[in-house]
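Okay, structure first, notes after.
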Amino acid sequence: MFESLRILDLTACERIKDDAVERIINAAPRLRNLVLAKCRLITDRAVLAICKLGKNLHYVHLGHCSNITDAAVTQLIKSCNRIRYIDLACCNLLTDQSVQLLATLPKLRRIGLVKCQNITDRSIKALAESRIMSDSLGVSCLERVHLSYCVNLTMDVSSFPLGP
């Protein structure tokens with residue numbers, strides 16, 4: 001057991017699969033920061049294992065894990081509601097549904113959605129609305145949203161809510 005392990009970075013460990021992630025989570029149940037960027041073989045099953053980290057998880061990087069779907073991200077948001085940073089770059093199966101739910105995370109500060117080609121202005125609107133809601137409650141809000149190469153964004157701000 002690795003009870004005291006808080007940070008694990010496995011960037012580009014391309015042979016990592018779902019079963020390995022499950023074993024890691026079981027061995028290190030108090031991880032706060034987990035980086036699985038470019039672990040291209042992991043799927044929703046690995047994300048469901050990550051959900052076991054619950055409130056401990058603050059930072060998760062799943063960029064280039066292109067087999068992850070909205071269903072797994074939905075469960076991650078429900079289980080790990082203290083996420084402050086999430087990177088889902090190049091997770092091309094994700095849609096506005098995931099981003100709209102991510103926008104509800106109360107402690108979310110940074111979100112990476114580079115090359116998430118299925119997201120649209122609805123995602124940006126959800127993030128903007130959550131920022132306005134947070135401001136009115138006196139809670140700090142998003143610091144950074146990375147949307148490079150999101151080809152379906154029009155950035156038509158006329159339909160976005162304006163702050164108080």
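Ignoring ligands and nucleic acids, what accessible area does I42 show with a 1.4 Å probe (Å², nearest 10)?
Roughly 0 Å² of I42 is accessible to a 1.4 Å probe.
By a straight-distance test (C-alpha under 16 Å), which lysines pair with K52 as possible cross-link partners, with residues fewer than eight away in the same chain excluded?
Correct list for K52: K78.
Run down the lysines and flag those whose C-alpha is under 16 Å from the C-alpha of K17, throwing out any fewer than 8 positions away in its chain.
Within the straight-line limit of under 16 Å, K17 reaches these lysines: K38.
For the chain, what percent of Cα pairs sit more than 24 Å apart?
For the chain, the share of Cα pairs beyond 24 Å comes to 31 percent.
Assuming 0.36 nm per residue, please report the length gained on full extension of the stretch T74 to V114 beyond their Cα-Cα distance.
Extra length available between T74 and V114 comes to 12.5 nm.
Kindly point out which whole DSSP H helices in the chain project their C-alpha atoms 20 angstrom or further along the helix axis while averaging a Kyte-Doolittle hydropathy of 0.0 or above. Please report the intermediate quantities before stating the final value.
On the way: long enough: 121-137 (24 Å, -0.26).
Qualifying helices: none.
Work out, step by step, the length gained on full extension between K107 and V151: first 0.36 nm times the residue separation, then minus their alpha carbon distance; give nm to one decimal.
My answer for the length gained is 13.1 nm.
Can you give the calculated 222 nm mean residue ellipticity of the chain, where each DSSP H run of n ≥ 4 adds -39,500 (n - 2.57) and the sum is split over every residue, rounded to the nearest 500 deg cm²/dmol?
After summing the helix terms and dividing by residue count, I get -9000 deg cm²/dmol.
Give me the percent of the accessible area of the chain that comes from carbon and sulfur atoms, probe 1.4 Å, all protein chains in place.
Ligands and nucleic acids excluded, carbon and sulfur give 52 percent.
The values are calculated or read from the model by the stated rules, or taken from the named source; none is laboratory data. Keep in mind the model is a prediction, meaning the values are calculated, not measured. Heavy atoms of the whole protein, side chains included, go into the accessibility calculation; ligands, DNA and RNA do not. Shrake-Rupley method; radii C 1.70, N 1.55, O 1.52, S 1.80 Å.
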